[in-house]
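The values are calculated or read from the model by the stated rules, or taken from the named source; none is laboratory data. Please read these numbers as outputs of a predicted model, since none were measured by experiment. Note: ideal-geometry Cβ built from the backbone for every residue, glycine included; neighbour counts use all protein chains shown. The accessibility values were calculated without ligands, DNA or RNA, using every heavy atom of the protein model including side chains. Shrake-Rupley method; radii C 1.70, N 1.55, O 1.52, S 1.80 Å.
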Amino acid sequence: MTYSTKFIALLLASLMLLPSCSPASDSGANQDNQTDKKSSEAVNSSDSVSQSESETLTDNVPAADYEGHTFTFLTRPNDGNGYWGHFGFYAEELTAEPINDAVYERNSKIAERFNIKFAEVCDANWWTMFTNAINASEDIYDCVPMSITSAASCAVNGQLIDFSQLQYIDLSKPWWDPVLNEQSSIANKLYFAIGDMTLLDKEATYIMMFNKDVAHDYNIEDLYELARSGNFTADKFQSICASVSSDLDGDGKFTFNDRVGVVTDTGATYQAMYYSFGAGFFKKDSEDMPYFDIDLDKASAAIDKIVSIVKSQDTMMETTLSKQGVANPWSDDGLNGMFKQGRALFYGISLTVMSKMRDMDSDFGVIPYPKLDENQKDYISFI
């Protein structure tokens, strides 16, 4: 990579709020590789509000003219189910779609400011193309968003440099994620970071959708208020699920044609619930080195509760639908369809699935995953 290309990469990281990688479905940490995303404390004083309103955020990138250099993104497309493609980096033209047009306008401003152009290579073989370019020392791609696992591999292999060496990156800026980035460092070195330009970490956040029509039909209490009150616990969740489940076709077993309390999959339970229940595996010491640390009582309680939820007839898992012959359990012939058609109250899944709910006839709401019990202080969202 030439000096000018390095410089452009750095200024884009600062200007475009661009992290070194974007997580797939397992990034961050609540003393592990997950995180609880807590709201910042509200600013109460009028003086603080006035100061906040008048404050202008600026980057520290000096003026430069790059004589029409083409800055190329190497990205991956959506998978076969329409998920996890890299978006938010490049837009070819205005289309009246909000995110696309925001990306286009943002890139246009940067292009004008620094006299550069943008291009994108979007290919399912992006990882092979990236590694081949690195191994051949070819200066082809300027930005390659990665998953946590691929970025970690690159860091171990010496293909990434510590962020402290990047002159025009300021991780204290509010467009960087301090929680995830703090959890990603080792020995006070950070080789990949996450910020606001990355949209996949938002897409990969696990949420609990609920069908408002089902909630109304079964006189379910106000789920928003239940969550706000801090009383949305695992036991409460199971109790609500049990109140709506029904073997509609009377065949003695629960299938796609019946109504259940929650539809979900293995990742959304064994992984997401484990961390949402406050359990973990690792902490870091004063030298920023990770070490194994597990609260066996909490971990056992979390696992016992997860097993209880998974094995309940009030829960429809994707594995169950697969065993019953559903070819794609995440499609409208599976979990998505049961939720859309009102045969599930809850849908525990990552936020990216919300895009598949746009054709629902009924409305739906979103609340966090439940706490393990009333002793858990905060709701925790697994990413």
> According to the Cα gyration tensor, what semi-axes, each the square root of 5 times an eigenvalue, does the equivalent ellipsoid of the stretch 148-245 have, listed from largest to smallest in whole Å?
Replying inline: 42, 14, 12
> What stretch of the chain, leaving out the sites themselves, is the longest with no GluC sites (Glu not before Pro) in a DSSP loop having at most 14 other Cβ atoms within 10 Å?
Replying inline: 288-373
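Run the dipole for the stretch 239-313 about the Cα centre, Lys and Arg Cβ at +1, Asp and Glu Cβ at -1, nothing else charged, and hand back the magnitude in debye, nearest 20.
Details: 7 positive and 12 negative charges, 35 e Å.
Computed about the Cα centre, the dipole is about 160 debye.
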>> Residues of the stretch 112-131 with backbone nitrogen within less than 16 Å of a virtual label 7 Å along the Cα-to-Cβ line of T70, please, listed as ranges.
In response: 116-123
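Taking only protein heavy atoms into account and a 1.4 Å probe, give the accessible area per residue of the chain in Å².
Values: 19140 Å² over 383 residues.
Per-residue value: 50 Å².
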> Rounded if a/c is under 1.5, else prolate if a/b is larger than b/c, else oblate: which is the stretch 296-371, with a ≥ b ≥ c the root eigenvalues of its Cα gyration tensor?
Replying inline: oblate
> Just how far, in whole angstrom, is the stretch 267-287 from the stretch 308-354 if you go by their alpha carbon centroids?
Replying inline: 24 Å
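With a ≥ b ≥ c taken as the square roots of the eigenvalues of the C-alpha gyration tensor of the stretch 53-138, please select rounded if a/c is under 1.5 and otherwise prolate if a/b is larger than b/c or oblate if it is not? Show your work: numbers first, answer last.
On the way: a/c = 2.10, a/b = 1.30, b/c = 1.62.
Oblate, because a/c is 1.5 or more while a/b does not exceed b/c.
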> More than 12 Å apart: what percent of Cα pairs in the stretch 240-289 qualify?
Replying inline: 74 percent
>> Quick check: residue separation of T56 and D361 times 0.36 nm, minus the Cα distance between them. What number comes out in nm?
In response: 105.5 nm
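Give the ranking of D139, D217, D162 by solvent-accessible surface, highest area first, calculated with a 1.4 Å probe. List each step's numbers first, then the result.
Numbers: D139 70, D217 110, D162 10 Å².
Final ranking, largest accessible area leading: D217, D139, D162.
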> Which ³J(HN,Hα) values, rounded to whole Hz and listed in residue order, are derived for the stretch 267-284 from phi using the Karplus coefficients 6.51, -1.76 and 1.60 in 6.51 cos²θ - 1.76 cosθ + 1.60 with θ = phi - 60°, glycine and proline given as x?
Replying inline: x, 6, 10, 4, 8, 4, 5, 4, 7, 5, 7, x, 8, x, 10, 10, 9, 10
> So how do M354, M317 rank on accessible area, 1.4 Å probe, biggest first, that is with the largest at the start?
Replying inline: M354, M317
>> Distance between the C-alpha centers of the stretch 212-263 and the stretch 132-174? Whole Å please.
In response: 45 Å
> Roughly how big is the chain's charge dipole about its Cα centre, with Cβ charges of +1 (Lys, Arg) and -1 (Asp, Glu), in debye to the nearest 20?
Replying inline: 480 debye
> Given only helices, namely DSSP H runs of n ≥ 4 each adding -39500 (n - 2.57), what is the per-residue ellipticity at 222 nm of the chain, to the nearest 500 deg cm²/dmol?
Replying inline: -9000 deg cm²/dmol
> Taking all protein chains as present, what is the carbon and sulfur share of the accessible area of the chain, in % to the nearest whole number, probe 1.4 Å?
Replying inline: 48 percent
>> With an 8 Å Cα cut-off and a minimum separation of 6 or more residues, compute the relative contact order for the chain in percent.
In response: 23 percent
> Any idea how far apart E374 and K109 come out in nm if each label point goes 7 Å out from Cα toward Cβ?
Replying inline: 4.9 nm
>> Could you give the length gained by full extension between F282 and D222, i.e. 0.36 nm per residue of separation minus their alpha carbon distance, to one decimal place?
In response: 18.0 nm
> What is the list of residues in the stretch 249-279 whose amide nitrogen lies under 16 Å from a point 7 angstrom out from the Cα of S243, following Cα to Cβ?
Replying inline: 260-262
> Using the scaling law 2.2 N^0.38 Å as the reference, what is the normalised Cα Rg of the stretch 237-383?
Replying inline: 1.15
> For F364, which sequence-distant residues (separation of 5 or more, or a different chain) have an amide H within less than 5 Å of its own amide H, given hydrogens modelled in the peptide plane?
Replying inline: K212
